[in-house]
Amino acid sequence: PKTAYVRTKPHLNIGTMGHVDHGKTTLTAAITKVLSERGGAVYTPFGRIDRAPEEAARGITINIAHIEYETGTRHYAHVDMPGHADYIKNMVTGAAQLDGAILVVSALDGIMPQTAEHVLLARQVGVDHIVVALNKADAADGELTDLVELEVRELLTRHGYGGDAAPVVRVSGLGALGGDPRWSAQIEALLDAVDTYVPTPVRYTDAPFLLPVENVLTITGRGTVVTGAVERGTVRVGDRVAVLGPDTETVVTGLETFGKPMDLAQAGDNVAVLLRGLPRDAVRRGHVVAEPGSVVPGRRFTARVYLLSAAEGGRTTPVATGYRPQFYLRTADVVGDVDLGASALARPGETVAMTVGLGRDVPLESGLGFAIREGGRTVGAGTVTEVL
Ligand code: GDP
Ligand code: MG
């Protein structure tokens, strides 16, 4: 029998972000190596992280590795992704729900385009705390590293992260992986910074249960399993739940986190939920599992939307009523019609009010954040103001 998950420490979701080749995956492997030496992790080598299985559903393919580890005070689920597109998809769809992020910047290269984009993206999706890993410190000279540190602090400040206060730790993922005690100690210093600088989030455990479905699997002989991060509330084995998408009700017959069974899952937990008698093809990424009656699917709403400027990777031309981009709400990806009402045009860089009519029903509520994408890139970020 598998050992049950024992909740002894607060659980947080974090992840590495940053420009390709700056050392995110090497650092992730190094963290598991250093922590494995004191029993806080299972060492996960580079190749196992970088070849994470693809999650393909609804035409969105995301490569993502979920790694579990523990420091002295906390339990973490850490995500690492191979490509820039994987970050965009994962962060804007809310699949990551990061409580904090480790921004990896190579001291040899400094800030690169994806470094800046990931910081902007983190701001848009509500990641409030960033710790910086100034990587490749083994190979960079000290003065250059000082300059890169200044540059990173400025970047953070420009995006409202208080760059002066943010911890910046000089690390070498490669050195720590190789067992160099000097660099292993810096990994410990980085983890200490994450432990102390990223606050334990206030979880909405008292709210009705809601889980946006990220992925669907079949366990032979047991049935259909949905995975994702619990957005709010708690759920126990035996609870009755609504599955919104197929709009049906069923019972939770099993709960697991990182392969360990649990009796109760709560907001913030990454879980696999076994659902009684649900056909595999009835549920997909983008659907929601929730306490029955607690959420109402809809398709029309008003919203406040910030259209990214061209410099931020947004459109170069204005949008008008009749514009039909993709809306990413939680893990759902739905086409929608935009009505700007009296204002004829909305320009990149502006914040505007709009009415949206989605192509299908999804669970909606005021305050829900979403991203607007077209042609594979994010062009806007918004919040639902009223469900119509
Ligand atoms: P990612 O794309 O951000 O995940 O970067 P990787 O972890 O795949 O690393 C990219 C390259 O940088 C690889 O060749 C690594 O060996 C190298 N690298 C990663 N970390 C370090 C480091 O701390 N020092 C040095 N010198 N090279 C590193
Ligand atoms: Mg990588």
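The values are calculated or read from the model by the stated rules, or taken from the named source; none is laboratory data. It should be emphasised that the depicted structure is a prediction, and the values quoted were computed from it without experimental measurement. In this analysis, Cβ positions are derived from the backbone assuming ideal geometry, glycine residues included, and neighbour counts consider all displayed protein chains. Just the protein is used for accessible areas: all its heavy atoms, side chains included, with ligands, DNA and RNA removed. Shrake-Rupley method; radii C 1.70, N 1.55, O 1.52, S 1.80 Å.
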Listed by first then second residue, the pairs whose first member lies in the range 360-382 and is farther than 18 Å from Val319 by Cα, whose partner is basic (Lys, Arg) and open to solvent by 50 Å² or more (accessible area, probe 1.4 Å), with beta carbons under 7 Å and at least 6 positions apart or on separate chains, are Arg360/Arg299; Asp361/Arg299
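Scanning the range 3-50 for residues that are at positive phi and within 12 Å of ligand 2 (Cβ to nearest atom), which turns out nearest to the chain's Cα centre (by Cα)? Please lay out each step first, then the result.
Within the range 3-50, the first condition is being at positive phi, and the residues that meet it are 18, 21, 23, 39.
Within this subset, residues satisfying the condition of being within 12 Å of ligand 2 (Cβ to nearest atom) are 18, 21, 23.
Numbers: Gly18: 14, Asp21: 20, Gly23: 19 Å.
Step by step, filter the range 3-50, then rank; the result is Gly18.
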Within the range 304-328, residues being open to solvent by less than 60 Å² (accessible area, probe 1.4 Å) and at pLDDT 90 or above number 8
Arg182, sole failed condition from (1) open to solvent by 40 Å² or more (accessible area, probe 1.4 Å); (2) away from ligand 1 (no atom under 16 Å from the Cβ); (3) modelled with pLDDT of 95 or more:
(2)
When you scan the range 249-344 for strands (runs of 3 or more DSSP E) that lie fully inside it, which ones turn up with 3 or more residues that are in contact with a strand residue (DSSP E or B) (Cβ under 9 Å, 6 or more places away or on another chain) and acidic (Asp, Glu)?
332-339
Filter result (touching a Ser or Thr at 6+ places or on another chain (Cβ under 7 Å), in a loop (DSSP other than H, G, I, E, B) and within 12 Å of ligand 1 (Cβ to nearest atom)) within the range 11-50
Gly18, His19, His22, Gly23
When you scan the range 98-140, how many residues do you find that are assigned to a loop (DSSP other than H, G, I, E, B) and open to solvent by less than 10 Å² (accessible area, probe 1.4 Å)?
3
Residues of the range 57-81 satisfying the condition of being at pLDDT below 85 and either of a type outside the set (Lys, Arg) or within 13 Å of Leu191 (Cβ to Cβ) (or both)
Ala57, Gly59, Ile60, Thr61, Ile62, Asn63, Ile64, Ala65, His66, Met81
